[in-house]
Amino acid sequence: MLILSHPTGNANSRQALLALYERNLLEGFYTTVAWNGNSMWNKVIPAGVSRELNRRTYPDIPERLIHSAPVRELCRVLLGRLGMNLGEGAAFSIAEIYRQIDRLTADAVSSRRPRAVYAYDGGALETFRAARRMGVKTIYELPIASWQSRRELFFEEAELQPAFSESLRVELSGSAEWLRRKDEELELADQVIVPSAFVRSTLPANIPADRVQVIPYGAPQVSAGDSWREPRSKGKLRVLYVGAITQRKGLSYLLEAMKKVEAAAELTIIGSRVGSCAALDAALQRYQWMPTVPHHVVLETMRQHDVLAFPTLSEGFALVILEAMSQGLPVITTPNSGAEDIITDGEDGFIVPIRSGEAIAEKLELLARDRDRLAAMSEAARKKAALHTWARYRQQVAGVAEQVLAAPSAGPGSMAHSNASSTGARRC
């Protein structure tokens, strides 16, 4: 009934895939790498390669429903590990990977003619064009704030924080053709799914509100019993940051805050560098830094800390926030994280303004000083995370898909949103 595509199979797309399969709505899934976790090759290939491949398994989905095209993506991952910088125009760039799966899915739409197709930001244009020709309905997931809002914010940030601007280079890249592509995808969507009210607020004004559905992501299972420890009543406050090492995440403001509270708090950073930035490299030398680690290690490390600080400038909905809350960490973050849909300010976390090291420091000092409040917020964070499960997310995604499938079709060749191409061109 419905085809879903995603080039890399990230956490939210996996849950959407499972949601469609559980409701018997899935006709096919199109991606790059779909590894067999039981393959004999796992015993002979290097452990690092095996770990990478086993992140691309889909054990709950029958093989007959999965269609993969792995060669380009495997080359991209290998070249990236060798330190090669693959720009948008490169044969093995992430942009080209998205285009490849888009073309593959478009061919499937034309040949199989499903009733609907579900695709993601940057990987949907040819698919949606084919769907429009065939009278197939389109569902589009935009997992992050619109490119227009992000570019405006990051150009401004580069001027405000020049020492950290080098890490924003990738955020400010993207050809006019690539950005037009995103505009047209959005225009061709019958239904748009976003993970937060923040993302919805950044959409172009010409996207009708009734075409947009907010569905927050889910949390892992809430820690309980021996796996969870109450915050310490003594010692320095243990502060954790998890995410890419880039100014997009507002890291300079966290570093500013830590200087103000260094007598009362200590910081651990988990994440990989995005490009090169001398100011951020210096911070990694000052604090405990763990490069990218397996997900279970991230959760374990969360349980060893007291609070997550995530002062991001722009997200869609930061999965790390619910992950931290599920492990008993209240979260200090900004409205631009999408967390205002989840966090009750002052109860299970704090919402602070973007670009305010002073506000972050104030909340850290409060939690370092008032350990009873820290303990209460920790328990409240766990309870809140327990309400936002992946099962709930799947139920909501499947509900939207069923509504789209039940709606009358406009028929082959219809251009229900006929201003798609022209509007996209004008905005660029």
For the condition under 17 Å from GLU256 (Cβ atoms), in contact (Cβ under 8 Å) with a residue 40 or more places away in the chain and touching a strand residue (DSSP E or B) at 6+ places or on another chain (Cβ under 7 Å), what is the one hit in ILE332, ILE343, ILE360, ILE354? ILE360
Going through GLU184, GLU177 one at a time, which residue ends up being in contact with a Ser or Thr (Cβ under 9 Å, 6 or more places away or on another chain) and among the charged types (D, E, K, R)? GLU184
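Residues checked against (1) of a type in the set (A, V, I, L, M); (2) surrounded by 13 or more Cβ atoms within 10 Å (Cβ to Cβ); (3) without any contact (Cβ under 8 Å) to a residue 24 or more places away in the chain:
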| position | (1), (2), (3) |
| --- | --- |
| ALA47 | yes, no, yes |
| THR57 | no, yes, yes |
| PRO70 | no, yes, no |
| MET84 | yes, no, yes |
| ALA130 | yes, yes, no |
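Which residues, taken from region 249-283, are part of a helix (DSSP H, G or I), modelled with pLDDT of 95 or more and either within 25 Å of the chain's Cα centre (by Cα) or basic (Lys, Arg) (or both)?
Quick first cut of region 249-283, residues part of a helix (DSSP H, G or I) only: 249, 251-260, 278-283.
Remaining after also requiring modelled with pLDDT of 95 or more: 249, 251-260.
If the condition is that a residue be part of a helix (DSSP H, G or I), modelled with pLDDT of 95 or more and either within 25 Å of the chain's Cα centre (by Cα) or basic (Lys, Arg) (or both), then LYS249, LEU251, SER252, TYR253, LEU254, LEU255, LYS259, LYS260 are the ones that fit.
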Return the only residue of PRO335, PRO330 being within 22 Å of PRO216 (Cβ to Cβ), in contact with a Phe, Trp or Tyr (Cβ under 8 Å, 6 or more places away or on another chain) and surrounded by fewer than 24 Cβ atoms within 10 Å (Cβ to Cβ). PRO335
In region 43-87, how many are assigned to a helix (DSSP H, G or I), charged (D, E, K, R) and either touching a Cys at 6+ places or on another chain (Cβ under 8 Å) or closer than 18 Å to SER5 by Cα (or both)? 4
Filtering region 174-201 for residues that are in contact (Cβ under 8 Å) with a residue 24 or more places away in the chain and either of a type in the set (Lys, Arg) or closer than 23 Å to ALA11 by Cα (or both) leaves a count of 15
May I ask you to list the residues in region 340-350 that are closer than 14 Å to VAL307 by Cβ and of a type in the set (A, V, I, L, M, F, W, C)? ILE343, PHE350
Total residues in region 167-226, condition among the acidic types (Asp, Glu) and closer than 26 Å to SER93 by Cβ: 6
Tell me, yes or no, whether region 21-42 has at least one residue that is under 25 Å from PHE317 (Cα atoms), modelled with pLDDT under 95 and in a helix (DSSP H, G or I). no
Of the candidates LEU53, LEU79, LEU18, LEU26, the one satisfying the condition of being surrounded by 18 or more Cβ atoms within 10 Å (Cβ to Cβ) and free of Cβ contacts under 8 Å to residues at least 24 places away in the same chain is LEU53
Sort out for me the helices (runs of 4 or more DSSP H) sitting completely within region 346-414 that have 2 or more residues that are surrounded by fewer than 21 Cβ atoms within 10 Å (Cβ to Cβ), in the same structural domain as LEU153 (by TED's automatic domain parsing) and out of contact with any helix residue (DSSP H, G or I) (no Cβ under 9 Å at 6 or more places or on another chain). 390-406
I'd like to know if region 311-320 contains one or more residues that are touching a helix residue (DSSP H, G or I) at 6+ places or on another chain (Cβ under 8 Å), surrounded by fewer than 19 Cβ atoms within 10 Å (Cβ to Cβ) and either outside the structural domain of ARG200 (by TED's automatic domain parsing) or among the basic types (Lys, Arg) (or both). no
Where the second residue is among the charged types (D, E, K, R) and not in a loop (DSSP other than H, G, I, E, B) and the first is farther than 16 Å from HIS388 by Cα and lies in region 313-325, which pairs have Cβ atoms under 8 Å and are six or more apart or on separate chains? LEU313/GLU157; LEU313/ARG248; LEU313/LYS249; SER314/ARG150; SER314/ARG248
Would a scan of region 287-303 turn up a residue that is under 16 Å from the mean Cα position of the chain (by Cα) and closer than 25 Å to GLU362 by Cβ? no
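The values are calculated or read from the model by the stated rules, or taken from the named source; none is laboratory data. Small disclaimer: the values here were computed from a predicted structure and weren't measured. Please note: Cβ atoms are built from the backbone with ideal geometry, for glycine as well, and neighbour counts cover all protein chains shown.
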